[in-house]
1. Going through region 714-757 one residue at a time, which ones are in a loop (DSSP other than H, G, I, E, B) and within 19 Å of Tyr772 (Cβ to Cβ)?
2. If you go through region 41-82, how many residues are over 29 Å from Ser302 (Cβ atoms) and among the aliphatic types (A, V, I, L, M)?
3. Just a yes or no: is a residue in region 124-131 outside any helix (DSSP H, G or I) and either basic (Lys, Arg) or within 23 Å of Arg255 (Cα to Cα) (or both)?
4. Between Asn24, Asn56, which is touching a Gly at 6+ places or on another chain (Cβ under 8 Å) and either of a type outside the set (D, E, K, R) or in contact (Cβ under 8 Å) with a residue 12 or more places away in the chain (or both)?
5. Taking only region 329-352 into account, find how many residues are farther than 8 Å from Thr454 by Cα and among the hydroxyl-bearing types (Ser, Thr, Tyr).
6. Tally the residues that are farther than 21 Å from Ser715 by Cβ, modelled with pLDDT under 80 and not in a helix (DSSP H, G or I), restricting the search to region 758-798.
7. From the residues in region 341-357 that are among the hydroxyl-bearing types (Ser, Thr, Tyr) and surrounded by 24 or more Cβ atoms within 10 Å (Cβ to Cβ), which one is farthest from the chain's Cα centre (by Cα)?
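The values are calculated or read from the model by the stated rules, or taken from the named source; none is laboratory data. Because the structure is predicted, anything quoted here is derived from the model rather than measured. Quick reminder, even Gly has a Cβ in these numbers, built from the backbone with ideal geometry, and neighbours come from all protein chains shown.
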Amino acid sequence: MRILDKEKILARSKERLEYPELLNFLAGYCKSEPGKARALSLEPSQNLEKIKRDLNLLKEMMALFDSGLNPPIGHFSDFSQSLEHAEKGVSLTAKHFLELLKFLNLAEANRVFFQKVKEKFPGLGELAGQIHNFSELKSRIHGTVDEQGEIKDSASPDLARLRQELSSLRAQIQKKLEKMLNSEDLEGVIQDSFYTERDGRFVIPVKSSAQTAISGIVHDSSISGATVFLEPIEMVPLNNRLRILEREIETEIQRILAELSSEVSLSKVQLLFALNSLSELDLLCAKAELARTLSASIPQLSTTGAIRLFQVRHPLLILRGKDAIANDLVMGTDTRVLVLSGPNTGGKTVLLKTIGLLSLMIRAGMAIPAHPDSELGLFPEIYAGIGDEQSLSQDLSSYSAHLLDLLAFLNYAQDSSLVLIDEILGSTDPEEASALAMVILKELKKRNCLTMVTTHLSRLKAFAETEPGFINASFEFDPLNLTPTYHLRLGLPGPSYGIATARKLGLDKELIEEAEKMLDPESRKLIELVSQLDLKQTELDQRLRRLAEEEQDSQMRSKELDEKGRRLLEKEQEMKKGLRRELESELRSIKTRLNQIYEEAREVRSTDRVKSAEKEIARIRKELDEKYPVPDQGEEIASEEWQVGDLAWVKRLKIQAEVIGLNPESQEATLGIGSIRIQEKISGLLRIQKKREAQKRETMVGSESALCANPARSSGNTLDLRGKRAEDAEIELINYLDQSVREGKPAVYIIHGHGTGVLKKLVREYLASSSYVKSFRPGEQNEGGDGITLAVLENMQIK
């Protein structure tokens, strides 16, 4: 079977990503026929300058909408074909000129509108500035065609004279006919008391039996034959003159239309420029309306191939009125292959389609449903192997069709291509599929493609843990209820939960048990271990999200409180940030340990190693449950029974704390959570344990003796945070300290600059609370001064 050519592969990839359906939604926001046609044929651009121009224009249009201004875009037709005819000497009709006049009025309104706002929106002003001032042509058409699309009498003196003569002649003819119909001499001859027209000539209805009573010409008869329509002989000269006048009028009208068509053809170039500008403005308005519907924004364009997408959602899910869960996806330039695993219905395919469709949108000059701080690469080519392409007509199995896709991708993909593969080689033997998948993905990485695949292949997941440039990812899944949460997690593979899902869906219990017995013991143990890890990971992720939600709630409430209340809330937020940092640090450490266990258990496949891994998992679970318990019991006691040293559960914060002070008058307790102190109403506490020895942590800051013999600053021991957002800087700082301690560095330099002082404050506050840091101080003059902080690290033996 021959591989499809490159253009067909790329076109099919767009269809698989449902790009045409997105264009249908976009076209629905357009108001003109040319605008709709432009939307439906919108192609992602390869030209960086054009992409930047289109996005800049859209940014201005979105800002224009946000300011409450709306351009006077309305319906207009595509008259380019009419201009071609006029240029060839073909006269346009009066209806054509009426449509053209409506367009010219609309073009003028937009030209004037954007002229007024061009200082604030220069790009849109320049685009609308291509619309010529057609005041003379507009006046000429207006003086020729009326609102019903008829030629006005005033179009020419001859036309006015001829129409006046025609009107007088008609009145003369009608008067004669009425007199004839009312004549007593013809009382038994006339069939009805009205006159009519046949072939453009006035006639009267005469009884067939009496037609010889009137001298004239019969032009027609009724169906029954009882009536003939007769032109009296004395009316013939008048009817002849009437027909001559009508032909003269038609000749004059054609002369006027030909003359006006010639004038229009002289303005063809300017009219086509105006048509292009107005249809582009219509499309920009449609893009802005679509962005508003999607709550979309324009990301930063990455030239390095990195992806930093925050709160990203699938646009078509939003447009179809379905729930679209927001997720974050960050892949640096060193990570080129994402291996996404986990159970079906968990959102894996949706993520692939989201990344692919958003990449097409940004190249087509559209905003994407993601946070404004996001960053997305401009992938010149996007290859999507998504969906079952089994072909009966070509005698292709699903596997063969899928393999042909992969062959095409390998044949055409190049530097910076985006390759998306759903269920890579999932329709053949898992061992062979894993081997093939590994070499294919390594080859794509070698070409510097950004590749994302979904899989259930265990060997491929294990391979991604150790292969440079690869990263595992999975969607959070509730192992207890076997329901997806659609929250993306980077760094860990996901269990498939195949047997567990079958159990939930009602497969016979005996069949389930028999299936579990048929698994080899090592595989069964490994599945249980990975499921336990997934459960604990889910618990930690959910706690982190709860803390983040509470931080957000606190920030919202702070705006409504007085200054005293605001200070209390700020203290609470600082406490939560400290807890969050501890959780994140713990989570990173656990991820590393879990990945090692997963990798070793998969590679060794020995009973002893599985048992060893099981013990390690149990130990990790015990550590976490002790450090971050979620007690399902705790007693409510009277306020006078509380004692300093009791271990309490804080219902509002869902955390444990030690009672270090009591105030019976205010009914408040002072609680200790590590080095943090908070006040809480006694009624909001549950007692977990009586009298516990408080564990106090000493923080050493600014010790001069610890700062001697510092290493010289180099790229290997320096972190530069300048220009970073506070949230990003904090994450980088946490990761950097964690890595530096593991590498055994004695001290590190943090460059934060002076600026507004926000980064400096953030860095030093975090260093003061970090267990990794023995001491820290501002840099000396020869080290960079107060724009740098030197941190001496604890000598930790981390394995």
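1. Across region 714-757, the qualifying residues are Leu721, Glu743, Gly744, Lys745, Pro746, His752.
2. 2
3. Checked region 124-131: no residue is outside any helix (DSSP H, G or I) and either basic (Lys, Arg) or within 23 Å of Arg255 (Cα to Cα) (or both).
4. One residue alone meets the criteria, Asn56.
5. Number satisfying all stated conditions: 3.
6. Qualifying residue count, region 758-798: 7.
7. If we take residues in region 341-357 being among the hydroxyl-bearing types (Ser, Thr, Tyr) and surrounded by 24 or more Cβ atoms within 10 Å (Cβ to Cβ), then Ser341 is farthest from the chain's Cα centre (by Cα).
Quick grid of which residues meet (1) surrounded by fewer than 17 Cβ atoms within 10 Å (Cβ to Cβ); (2) assigned by TED's automatic domain parsing to the domain that holds Leu245; (3) within 30 Å of Ser262 (Cα to Cα); (4) touching a Cys at 6+ places or on another chain (Cβ under 8 Å):
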position: Phe103; (1), (2), (3), (4): no, no, yes, no
position: Pro122; (1), (2), (3), (4): yes, no, no, no
position: Arg140; (1), (2), (3), (4): no, no, yes, no
position: Leu166; (1), (2), (3), (4): no, yes, yes, no
position: Ala171; (1), (2), (3), (4): yes, yes, no, no
position: Glu184; (1), (2), (3), (4): yes, yes, no, no
